[in-house]
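Notes for the one structure printed next.
The values are calculated or read from the model by the stated rules, or taken from the named source; none is laboratory data. Since the structure is predicted, the reported quantities are computational estimates derived from the model, not experimental observations. Cβ placement follows ideal geometry from the backbone for every residue including glycine, while neighbour counts extend to all protein chains displayed. Side chains included, ligands, DNA and RNA excluded: accessible areas come from the protein's heavy atoms. Shrake-Rupley method; radii C 1.70, N 1.55, O 1.52, S 1.80 Å.
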Amino acid sequence: YLIDSGYCQLKVYNPTIGMDALQVCPESQANANQRTGRAGITGPGYCYRLFTERQFVTEMLQNQIPEIQRTNLANVVLLLKSLGIDNLLSFDFMDPPPQDNIMNSMYQLWVLGALNNTGALTDLGRKMVEFPLDPPLAKMLIYAEQLKCTYEILIIVSMLSVPGIFFRPKDREEESDAAREKFFVPESDHLTYLNVFLQWKQHKYSSTWCNDHFVHPK
């Protein structure tokens, strides 16, 4: 048996605040059909839909909105600029993203120094393209060399590039929160991540130590 609520969670980029957020949105017809198929994977099954046939036909999109239209485009803009494509607003995307998203990404890259006042790629921008990272993290790594803290920044960038490192079992919330507080560095979350890694290294990369401190060994 499968119960389909008619909703799904989508990662949506909000250009106003410059952040990705998981939003609950109505699913598409394609999503609904895929969910129905899951009810019969191992044997005959039933799918109960919590919406009417009229809603399915008239209110749901045929397919989900493509990710390029709802995501931060800073990486895409940087890559296209490095390939010599100057006018991004007239670029022939298969699914053109909103112009606001492109303009916001260009503004973000200009603030980071990857684009100059005319929208052309700077020397710093060319270096940033080489990294498989979000532009702010790429710039952070490049600047770390000048500030002689590459080792620490590499650790922080790596910690920011993986899923959350702490786990919080349902029956041991208080215990896990107390363990997490031991790592806390008042100045910033980034330094807290660095502290966790350095302590893990001190304990010879021990999986047992990770489990005792509610940190994912993986």
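Applying 1/(1 + (r/R0)^6) with r as the Cβ-Cβ distance of A178 and I3 and R0 = 35 angstrom yields a FRET efficiency of 0.40. Among the trypsin sites (Lys or Arg not before Pro) found in region 115-177, those both in a DSSP coil and sparsely packed, with 16 or fewer other Cβ atoms within 10 Å of their Cβ, are K148. Electrostatic tally near G45: other residues with Cβ closer than 15 Å to its Cβ, Lys and Arg +1, Asp and Glu -1, net +2. A 1.4 Å probe run over the protein chains yields, for the chain, 67 Å² of accessible area per residue, whole-number rounding.
Of the solvent-accessible surface of the chain, computed with a 1.4 Å probe over protein heavy atoms with every protein chain present, carbon and sulfur atoms account for 55 percent.
Rounded if a/c is under 1.5, else prolate if a/b is larger than b/c, else oblate: which is the chain, with a ≥ b ≥ c the root eigenvalues of its Cα gyration tensor? Cα axes put the chain in the oblate bin. Of the complete DSSP H runs in the chain, none spans 24 angstrom or more by Cα along the long axis with a mean Kyte-Doolittle score not below -1.0. Residues whose amide H lies under 5 Å from that of V215, counting only those 5 or more places away or on a different chain, are F167; hydrogens are built 1.01 Å from N in the peptide plane. The alpha-carbon of K204 sits under 24 angstrom from the alpha-carbons of these lysines, leaving out residues fewer than 8 places away in its chain: K182, K218.
With +1 on the Cβ of every Lys and Arg and -1 on the Cβ of every Asp and Glu, and nothing else charged, how large is the dipole of the chain about its Cα centre, in debye rounded to the nearest 20? Write down the numbers at each step before the final one.
On the way: 19 positive and 24 negative charges, 88 e Å.
Value, rounded to 20: 420 debye.
Excluding the sites themselves, what is the longest stretch of the chain that contains no chymotrypsin sites (Phe, Trp or Tyr not before Pro) in a DSSP loop with at most 16 other C-beta atoms within 10 Å? With a cap of 16 other Cβ atoms within 10 Å, the longest stretch comes to 94-166. For K127, the aspartates and glutamates whose Cα comes closer than 15 Å to its Cα, not counting residues fewer than 8 places off in the same chain, are E145. A Förster distance of 35 Å, applied to the separation of the beta-carbon atoms of K170 and I65, puts the FRET efficiency at 0.55.
Of interest is the spacing of the C-alpha centroids, which for region 98-135 and region 179-207 amounts to 32 Å. Once backbone amide H atoms are built at 1.01 Å from N, C47 has L2 as its partners under 5 Å, excluding neighbours fewer than 5 places away on the same chain. Between exposed GluC sites (Glu not before Pro) in the chain, where DSSP calls loop and at most 16 other Cβ atoms lie within 10 Å, what's the longest gap? For GluC sites (Glu not before Pro) (loop position, at most 16 other Cβ atoms within 10 Å), the longest site-free span of the chain is 60-129. The gain in end-to-end length when the L191 to V111 segment is fully stretched comes to 26.4 nm, 0.36 nm per residue minus the alpha carbon separation. Could you list the residues of region 133-177 with an amide nitrogen less than 17 Å from a label point located 7 Å from the Cα of H203 in the Cα-to-C-beta direction? Taking a point 7 Å out along Cα→Cβ of H203, the residues of region 133-177 whose backbone N falls under 17 Å are 165-169, 175-177. Accessible surface comparison of L160, L88, L22, probe 1.4 Å, protein chains only, largest first: the order is L22, L160, L88.
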